[in-house]
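Peer 1: Encoded as structure tokens, here's the structure I'll be asking about.
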Amino acid sequence: MDLPKRYNAVSEERQLQARWEESGVYRFLTQSDAPVYSIDTPPPTVSGRLHLGHVYSYSQPDFMARFWRMNGRNVFYPMGCDDNGLPTERLVERRQGITAAEVGRQAFIEECLRVSEEIERDYQALWQRLGLSIDWRFTYRTINTLSRRTSQFSFLDLYAKGLAYRHKAPTIWCPECSTAIAQAELSDLERETEFVTLVFSLEDGGDLLIATTRPELLPACVAVFVHPDDDRYRELVGRRATVPLFGQAVPVLQDPAADPEKGTGAVMCCTFGDVTDVEWWFTHQLPLVEAIRPDGRLTQTAGAFARLSVPEARRQITEALDDAGLLVVREPVKQSVRVHERCDTAVEYTVTPQWFIRVLDYKDELLAAGEQVIWHPAHMKTRYREWVENLHWDWCISRQRYFGVPFPIWYCTDCGRVVVADEEQLPVDPAERRPTRSCECGSTSFVPEEDVMDTWATSSLTPQIVGRWLADERLYRQLFPMSLRPQAHEIIRTWAFYTIVKSYHHFGTLPWKEVAISGWGLAPHGTGKISKSRGGGPVAPLKMIERYSADAVRYWAASTGLGRDSTISEEKIQAGARLVTKLWNVARFSQRFLRDYRPPAATPGLTPADRWILSRLQRLVAKATEAFRGYDFATAKSETESFFWNALADNYLEMSKQRLYDETHPAREGARYALWRVMSTVVKLFAPVLPHVTERIYLELFAPAEGSDSIHTAHWPAADESLCNDAAEAAGDALVAVATAVRRFKSEHSMPLGAEIARLQLAIRDPALASALQGAEADITSITRARQVEVAESLDPKLEKIAAGDIISAALAL
């Protein structure tokens, strides 16, 4: 069946996607002896609708999966959804307008499950329409039974090893989400605020001026710190100062962390304003005064200001200080504030009991693990290293929320001991079931742990979840450690780091060999990163795919390399659509010459143009293969596209047309052979990026000869060194130069490019080039439409000179 004149991308892509799913072309073969290439695919967080930024980043591992599959690897390419925890809760609260406090814990959890299932169907529909080569038999949800069992088993293993512990200590707290969070969930946000200088009175007379941006923490001020080398305050160390407005006397202490250049050089320590306060409180054994409640309002220690929100308390306390004459300077400043990345709420530091996983004691080992991973691009390793080096907290994994994996533990009401679940009970909800045994003290009275695990505590186990660590030992041994972790750069500090932590603590090994870090798809017009929890951007991905094709959108995703952000560009997507159309048209042109063609065992006679294109093709194969092996799909695509447009479509096809159409031409078989080699190779090089149009072309033109049911399981091209020929490439480049000169002449004289010219004369001063161009008359005639081609020592002065060079010049007559 001939390729139709017009390529209908929408219908063709849908038909091919159904064919792939039905035939199982992307299935992982559990019984195969082929080397395994396993991908730890990032499960998208269920927090809103997917956007083109996701299309950008999720297309990139698919390019690599397709490349390695064509290179004989048994590719394991699963997909999951991260649908437990705070992000999904926040989505349900926004979308349904409900909270757990309003509808009850169980009803809220059921609504989270319902909404996440609905959204995950949309996610899968998009990935399938995009053409991701996923094996959909291996899908998972981080809230499903196996994921919860795996997460709880991991916790119990870490607890038994002394690596998970519960501790009441200052914790990073989000008042908006009403939960503790981990250091990795913090972001910086710049805001306008006031730097106010306040008057502290010294116990034996005199004043001490202190500048702060947080006067609302004055009720919790427990000390004043100055730098040991700051001569201005040396005599004050050891004395006491009275906190303005609230009246408590606090000591003046010294510590190197006090910055003499900031404000007045004297700084108040409150419990707690930031991590420095926490460190001073711990180091200097200061008293604890809690100023802010978990809901972000001031405690009773604030007196008349109790129950006010932090912003309102800041405003009222500042005014009260001003009215009392205790405020001497008010200065507007821009301040970088630590906020919860999920909601942009400024965090507080509160003392609460939380569960932690030990990481600070293992920083050296975790740094060494990061050095063993192969990072793409390489500089992303620096982000990992800097994150680990600057850790100040163990990993807090408990959350005061509802929809998540429960901790499999109870507390004895008589002695307070922790009682853990039996492995056979997992997954277990301790609120619904009881321990199977008594406490060590003999008691059978227990209360369940009400907190749930942070979503990262589960998603850090994706290699174990998708590899079915606890369910299929043989499969897990095939897959682990996994070959590749693809992910975005902003979660190196969370997903990459936590997965390495879990793998090190459980197995003492790396979770994967290589990491491919994608950039962000940025909204056009400089509006920054798109966020699905904030609406997902102006254009829905499916609309763009239906308008231009999945291949065209994938073309845009392949236009920028790993680790680099890319602005969403409809112009690039349109360029991808043009490439798809041109590739289809070249295939349609070729089909009349390649239908039922089988390349001969012996290479037929070739013209200089044939030798040129075949030599250039081998260079391309080598470059593209090297680029893909280095995870540089953008270069591979760019090199292939440049060859396709410039060498093949614009020049070689024009050089070979006369021979191809003339069935009696003695050099016709050389042209057919070269065209078959070039086209069959080019569609394979494009296949990882443009899987649909290349599959359709391959099935029609090349599958019968190669015996493969799909281009995506066909063999990746290998460069044939015997066809590499520097002289042939020089000769071909000379032919292109002549053709370009003739085209320019015709354009300048308003002649159709197909117009004939009566006579074309070439003067070649390089003997080697002259030798290489022997037999090129048919090529030159075909591309220039010259009725007569001559090679002479010098150009006939009667002819119009159109090109001049050191080794070749040309002239013509109309």
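Peer 1: Select, from 247, 265, 273, the only residue that is touching a residue at least 12 places away in the same chain (Cβ under 8 Å), open to solvent by 10 Å² or more (accessible area, probe 1.4 Å) and not β-branched (Val, Ile, Thr).
Peer 2: Being touching a residue at least 12 places away in the same chain (Cβ under 8 Å), open to solvent by 10 Å² or more (accessible area, probe 1.4 Å) and not β-branched (Val, Ile, Thr) holds for just one of 247, 265, 273, which is 273.
Peer 1: Determine which member of the set 674, 647, 627 is at pLDDT 95 or above, surrounded by 24 or more Cβ atoms within 10 Å (Cβ to Cβ) and not hydroxyl-bearing (Ser, Thr, Tyr).
Peer 2: Matching residue, one of 674, 647, 627: 674.
Peer 1: Conditions: (1) over 30 Å from residue 201 (Cβ atoms); (2) part of a helix (DSSP H, G or I); (3) in contact (Cβ under 8 Å) with a residue 12 or more places away in the chain. Residue 314 meets all but one. Number of the miss?
Peer 2: So the condition that residue 314 fails would be (1).
Peer 1: On to the next question. Picking from 782, 722, 750, which residue would you name as being of a type outside the set (Val, Ile, Thr), within 20 Å of residue 606 (Cβ to Cβ) and free of Cβ contacts under 8 Å to residues at least 12 places away in the same chain?
Peer 2: Just one listed residue meets the conditions, 722.
Peer 1: Also, I was wondering about something else. Which one of the conditions (1) surrounded by fewer than 17 Cβ atoms within 10 Å (Cβ to Cβ); (2) touching a Lys or Arg at 6+ places or on another chain (Cβ under 9 Å); (3) under 27 Å from residue 87 (Cα atoms) does residue 311 fail to meet, given that it meets all the rest?
Peer 2: Every listed condition holds for residue 311 apart from (2).
Peer 1: Go through (1) closer than 30 Å to residue 500 by Cα; (2) open to solvent by less than 20 Å² (accessible area, probe 1.4 Å) for residue 358 and report which single condition fails.
Peer 2: With (1) closer than 30 Å to residue 500 by Cα; (2) open to solvent by less than 20 Å² (accessible area, probe 1.4 Å) applied to residue 358, the lone miss is (2).
Peer 1: Separate question: Which members of the stretch 52-72 meet the condition of being outside any loop (DSSP other than H, G, I, E, B), open to solvent by 10 Å² or more (accessible area, probe 1.4 Å) and closer than 15 Å to residue 687 by Cβ?
Peer 2: Selection gives 68, 69.
Peer 1: In the stretch 436-474, how many residues are in contact with a strand residue (DSSP E or B) (Cβ under 9 Å, 6 or more places away or on another chain) and in a helix (DSSP H, G or I)?
Peer 2: Number satisfying all stated conditions: 9.
Peer 1: Just checking, how many residues over the stretch 756-814 are open to solvent by 60 Å² or more (accessible area, probe 1.4 Å), hydroxyl-bearing (Ser, Thr, Tyr) and under 56 Å from the mean Cα position of the chain (by Cα)?
Peer 2: So the answer is 1.
Condition check ((1) open to solvent by 10 Å² or more (accessible area, probe 1.4 Å); (2) more than 28 Å from residue 53 (Cβ to Cβ); (3) modelled with pLDDT of 95 or more; (4) in contact with a strand residue (DSSP E or B) (Cβ under 8 Å, 6 or more places away or on another chain)) across all residues:
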{"position": "111", "(1), (2), (3), (4)": "yes, no, no, no"}
{"position": "116", "(1), (2), (3), (4)": "no, no, no, yes"}
{"position": "130", "(1), (2), (3), (4)": "no, no, yes, no"}
{"position": "138", "(1), (2), (3), (4)": "yes, no, yes, yes"}
{"position": "149", "(1), (2), (3), (4)": "yes, yes, yes, no"}
{"position": "152", "(1), (2), (3), (4)": "no, yes, yes, yes"}
{"position": "181", "(1), (2), (3), (4)": "no, no, no, yes"}
{"position": "187", "(1), (2), (3), (4)": "yes, no, no, yes"}
{"position": "193", "(1), (2), (3), (4)": "yes, yes, no, yes"}
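Peer 1: Mind listing just one residue for me: the one in the stretch 342-367 that is part of a helix (DSSP H, G or I) and not hydroxyl-bearing (Ser, Thr, Tyr) and, of those, farthest from residue 563 (Cα to Cα)?
Peer 2: By that ranking, first place goes to 361.
Peer 1: Working carefully through the options 259, 295, find the one that is at pLDDT below 95, more than 21 Å from residue 173 (Cα to Cα) and part of a loop (DSSP other than H, G, I, E, B).
Peer 2: Criteria check complete, one pass: 259.
Peer 1: Determine the pairs where a residue that is open to solvent by less than 10 Å² (accessible area, probe 1.4 Å), located within the stretch 197-224, has a partner that is part of a strand (DSSP E or B) and not hydrophobic (A, V, I, L, M, F, W, C) with Cβ atoms under 6 Å apart, the partner being 6 or more residues away or on another chain.
Peer 2: 223/251
Peer 1: Please verify whether residue 510 is modelled with pLDDT under 95, outside any helix (DSSP H, G or I) and either of a type in the set (Lys, Arg) or open to solvent by 10 Å² or more (accessible area, probe 1.4 Å) (or both), treating the condition exactly as stated.
Peer 2: So residue 510 fails the test.
Peer 1: Can you name the number of the only condition in (1) charged (D, E, K, R); (2) under 51 Å from the mean Cα position of the chain (by Cα); (3) closer than 23 Å to residue 290 by Cα that residue 230 fails?
Peer 2: Result: residue 230 fails condition (3) only.
Peer 1: Also, I was wondering about something else. From 475, 426, which residue is of a type in the set (A, V, I, L, M), in contact with a Lys or Arg (Cβ under 7 Å, 6 or more places away or on another chain), modelled with pLDDT of 95 or more and open to solvent by less than 10 Å² (accessible area, probe 1.4 Å)?
Peer 2: Among 475, 426, only 475 is of a type in the set (A, V, I, L, M), in contact with a Lys or Arg (Cβ under 7 Å, 6 or more places away or on another chain), modelled with pLDDT of 95 or more and open to solvent by less than 10 Å² (accessible area, probe 1.4 Å).
Peer 1: Can you give me the number of residues within the stretch 30-61 that are closer than 22 Å to residue 476 by Cα and either β-branched (Val, Ile, Thr) or in contact (Cβ under 8 Å) with a residue 40 or more places away in the chain (or both)?
Peer 2: The qualifying residues number 12.
Peer 1: Mind checking which residues of the stretch 1-51 are small (Gly, Ala, Ser) and either open to solvent by 80 Å² or more (accessible area, probe 1.4 Å) or farther than 22 Å from residue 135 by Cβ (or both)?
Peer 2: 9, 11, 47, 48
Peer 1: So residue 470 fits all but one of (1) touching a helix residue (DSSP H, G or I) at 6+ places or on another chain (Cβ under 8 Å); (2) within 23 Å of residue 402 (Cβ to Cβ); (3) surrounded by fewer than 19 Cβ atoms within 10 Å (Cβ to Cβ); (4) not charged (D, E, K, R); what number is the exception?
Peer 2: (2)
Peer 1: Return yes when residue 329 is part of a strand (DSSP E or B) and either of a type in the set (A, V, I, L, M, F, W, C) or surrounded by 13 or more Cβ atoms within 10 Å (Cβ to Cβ) (or both) and no when it is not.
Peer 2: yes
Peer 1: In the stretch 368-382, how many are open to solvent by less than 40 Å² (accessible area, probe 1.4 Å) and assigned to a helix (DSSP H, G or I)?
Peer 2: 3
Peer 1: Name every residue in the stretch 155-179 that is part of a helix (DSSP H, G or I) and either open to solvent by 20 Å² or more (accessible area, probe 1.4 Å) or in contact with a His (Cβ under 7 Å, 6 or more places away or on another chain) (or both), in order of residue number.
Peer 2: 156, 157, 158, 159, 160 - these are the residues of the stretch 155-179 that are part of a helix (DSSP H, G or I) and either open to solvent by 20 Å² or more (accessible area, probe 1.4 Å) or in contact with a His (Cβ under 7 Å, 6 or more places away or on another chain) (or both).
Peer 1: Can you confirm whether residue 606 is open to solvent by 20 Å² or more (accessible area, probe 1.4 Å) and touching a residue at least 60 places away in the same chain (Cβ under 8 Å)?
Peer 2: yes
Peer 1: Same structure, new question: Please work out if residue 290 is among the acidic types (Asp, Glu), modelled with pLDDT of 90 or more and either open to solvent by 30 Å² or more (accessible area, probe 1.4 Å) or part of a strand (DSSP E or B) (or both).
Peer 2: yes
Peer 1: Now, a different point. Being open to solvent by 10 Å² or more (accessible area, probe 1.4 Å), touching a Gly at 6+ places or on another chain (Cβ under 8 Å) and assigned to a helix (DSSP H, G or I): is that true of residue 588 here?
Peer 2: no
Peer 1: Counting only residues that are open to solvent by 50 Å² or more (accessible area, probe 1.4 Å) and hydroxyl-bearing (Ser, Thr, Tyr), which one in the stretch 550-585 is modelled with the highest pLDDT?
Peer 2: Out of the qualifying residues, it is 581.
Peer 1: Considering 113, 91, 126, which residue is in a helix (DSSP H, G or I) and within 30 Å of residue 690 (Cβ to Cβ)?
Peer 2: Going through 113, 91, 126 in turn, the sole match is 126.
The values are calculated or read from the model by the stated rules, or taken from the named source; none is laboratory data. Small disclaimer: the values here were computed from a predicted structure and weren't measured. Glycine gets a Cβ as well: all are built from the backbone with ideal geometry, and neighbour counts include every protein chain shown. SASA here: full protein model, heavy atoms, side chains in, ligands and nucleic acids out. Shrake-Rupley method; radii C 1.70, N 1.55, O 1.52, S 1.80 Å.
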